[in-house]
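Taking it in order: structure first as structure tokens, then the write-up.
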Amino acid sequence: MNHLAKDFYYKKTEDYKGKHKQVQNGSRDKVHMLMDNETSSEPIFKHNPSFVSVNFTYESSDWWLDSENSKPKSPLMPDTKDLDFSTHKVPTFSQVVEELKELWSMVLPITAMNWLVFIRAVVSVLFLGRLGSLELAGGALSIGFTNITGYSVLVGLASGLEPVCSQAYGSKNWDLLCLSLQRMILILLFAIIPISLLWINLESIMIFVGQDKDITAMAATYTIYSLPDLLTNTLLQPLRVFLRSQQVTKPMMWCSLIAVTFHVPLNYVLVMKMGLGVPGVAMASVVCNMNMVVLMVGYLWWRSGGGGVVMRWRAGIRGVCSGVGPLLRVAVPSCLGICLEWWWYEIVIVMAGYLDNPTLAVAATGILIQTTSMMYTLPMALAGCVSARVGNELGSGKPYKAKLAATVALGCAFVIGIINVTWTVILRDRWASLFTKDDLVKALVASVLPIIGLCELGNCPQTTGCGILRGTARPVIGARINLGSFYFVGTPVAVGLAFGLNIGFSGLWFGCCRPKWLVPCPFSM
């Protein structure tokens with residue numbers, strides 16, 4: 001019996017005796033494969049392609065363990081023996097180095113892509129600022145509203161593809177890989193319907209909650225012209241996960257680079273030359289994302305024609321719709337885990353508006369939020385790539401390598417956190433000068449920036465841990481941890497320090513550190 005498997009996975013042999021079967025309409029919350037017999041050496045979908053729409057549900061606390069031979073099973077993992085898994089309890093130095101090379105060959109292009117997306121957002125804000133303070137305020141309000149109600153939901157739902165696509169790719173199940181992409185696009189098409197209604201009614205919603213009418217009118221204009229971006233993102237977000245799951249990262253980076261390169265001149269033409277103002281900024285962002293989609297689709301077409309992964313679209317609408325339910329069962333928890341964190345930062349901005357000097361506090365909060373967004377690009381890339389790595393190895397029947405990928409990624413996350421702490425302490429007195437000339441705002445940012453660094457020391461492992469959980473089809477665990485740490489611990493502590501003990505702005509951000517430090521502990525366990 002494999003002792004490393006026993007050490008790494010939960011053992012419940014009494015609960016798992018006999019055949020591990022799940023009927024197609026089963027309601028269990030665990031991830032199991034329906035096996036023909038105990039000694040099957042291949043997953044059932046290789047024998048029954050139609051089974052890919054109903055062969056699994058999502059979430060597992062026990063993983064896929066065969067009690068009779070202690071072989072871990074993935075829902076998409078062949079029943080094969082991993083030699084590395086059986087011969088090494090501790091990874092060798094060469095194995096760690098090899099994993100680092102493979103992981104960072106994916107992470108660096110994705111980080112560059114995230115940076116390019118961040119730069120695109122900065123360019124939009126700069127052009128809004130050139131139009132005037134009212135336009136800048138309206139655009140900022142619109143960007144915050146669309147992030148909360150739209151983009152966070154689409155990104156979160158699309159992340160539900162990660163365990164399915166990565167494990168399908170690892171097991172070379174091209175039918176499931178391509179079907180899952182189509183199903184997610186269908187899910188997002190339905191999701192943007194209520195989101196569109198919210199965006200269309202932004203003005204009435206903001207006026208109802210007491211926002212300034214002039215700022216709200218400007219925000220509504222920006223949002224209306226951003227509506228086509230919802231349709232664009234129904235393709236863009238699943239395509240990113242689809243390609244990353246196949247470790248195709250450099251083409252995404254180049255596609256983003258080309259699209260963002262045209263973003264600056266496009267803004268200049270629409271805003272400055274044609275005089276379109278706020279609608280021009282919104283349209284430029286839509287066109288930028290549309291260019292990314294066109295370039296990625298073009299790459300997929302070229303890659304499939306050039307001997308790469310064959311794109312299979314043979315299932316038809318019934319085949320696509322039949323597997324939407326199981327995919328939703330992993331997409332919804334993934335969405336909640338991401339949205340709970342995104343929304344929490346918007347809550348911090350709202351709480352800053354209730355401090356003694358709200359103008360000063362909100363201005364400093366805006367700089368700090370931009371700073372955290374910048375620092376988030378690397379751990380976000382690391383989380384997505386380790387999710388793909390873990391899923392690929394589980395799908396190919398190599399759980400030891402999946403564990404190694406997770407361990408190496410967590411180690412990298414802690415190193416990234418330490419780097420963030422270091423530079424925020426060293427540059428705390430000069431960093432705010434890049435954003436503002438107001439001495440009071442600069443002093444406030446300098447007093448809190450080291451606290452932000454401490455937050456990132458916990459945030460990097462937390463983000464990476466969420467990626468690992470998504471790769472193992474257990475996103476609901478991450479959603480529960482985020483809910484408890486951010487909303488049941490972080491928010492009360494932040495409110496208590498900032499308002500109850502009158503510590504103010506520093507207390508608000510120190511409260512932000514509490515969930516960041518609490519989250520990595522459950523992930524580590």
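Values computed for the structure shown
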{"quantity": "Calculated FRET value between Val489 and Phe208, using beta carbons and R₀ = 22 Å, to 0.05", "calculated": "0.10"}
{"quantity": "Cα lying deepest toward the dipole's positive end in the range 416-476, options Gly465, Pro450, Leu434, charges on Cβ", "calculated": "Gly465"}
{"quantity": "When each of Lys172/Lys398; Lys101/Lys403; Lys172/Lys401; Lys213/Lys437; Lys101/Lys172 is checked by Cα-Cα distance, pairs over 21 Å", "calculated": "Lys213/Lys437; Lys101/Lys172"}
{"quantity": "Charge tally in the Cβ shell below 12 Å around Val241, where Lys, Arg are +1 and Asp, Glu are -1, Val241 excluded", "calculated": "+2"}
{"quantity": "Cα convex hull of the range 441-490, projected area averaged across orientations, nm²", "calculated": "4.1 nm²"}
{"quantity": "Net charge dipole size for the range 165-316 [Lys, Arg +1 and Asp, Glu -1 on Cβ; Debye, nearest 20]", "calculated": "740 debye"}
{"quantity": "Ranked packing of 197-210, 456-469, 122-135, most packed first, by mean Cβ within 10 Å", "calculated": "456-469, 122-135, 197-210"}
{"quantity": "Positive minus negative residues near Gly353 (Lys, Arg vs Asp, Glu; Cβ under 13 Å)", "calculated": "-3"}
{"quantity": "Principal axis box of the range 338-490, alpha-carbon based, largest edge first, Å", "calculated": "58, 31, 20"}
{"quantity": "All-pairs alpha carbon distance profile, the range 98-243, 10 Å steps from 0, percent", "calculated": "11, 32, 30, 18, 8, 1"}
{"quantity": "Dipole magnitude of the range 185-255, debye to nearest 20 (Cβ charges: Lys/Arg +1, Asp/Glu -1, about Cα centre)", "calculated": "440 debye"}
{"quantity": "Cα-based Rg and Dmax for the range 350-397, where Dmax is the largest Cα-Cα distance (Å)", "calculated": "18.5, 58"}
{"quantity": "Space enclosed by the convex hull of the alpha-carbon atoms of the range 198-278, per residue, Å³", "calculated": "114 Å³"}
{"quantity": "Chain lengthening between Tyr268 and Ser133 when straightened (0.36 nm per residue, less Cα-Cα)", "calculated": "46.8 nm"}
{"quantity": "Summed side-chain charge close to Ala402 - residues other than Ala402 whose Cβ falls under 9 Å, Lys, Arg +1, Asp, Glu -1", "calculated": "+3"}
{"quantity": "Efficiency of FRET between Ala121 and Leu189 - r from beta-carbon atoms, R0 35 angstrom, step 0.05", "calculated": "0.90"}
{"quantity": "Length gained when the stretch Leu257-Val425 is fully extended (0.36 nm per residue, less Cα-Cα span)", "calculated": "57.3 nm"}
{"quantity": "Residue-span extension gain [Gln95 to Ile224] - 0.36 nm each, minus C-alpha spacing", "calculated": "41.3 nm"}
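Taken together, the values in this text are just the output of simple stated rules run on the coordinates, not laboratory data. Not measured: the values here are computed from a predicted model. Every residue, glycine among them, receives a Cβ derived from its backbone with ideal geometry; neighbour counts consider all protein chains shown.
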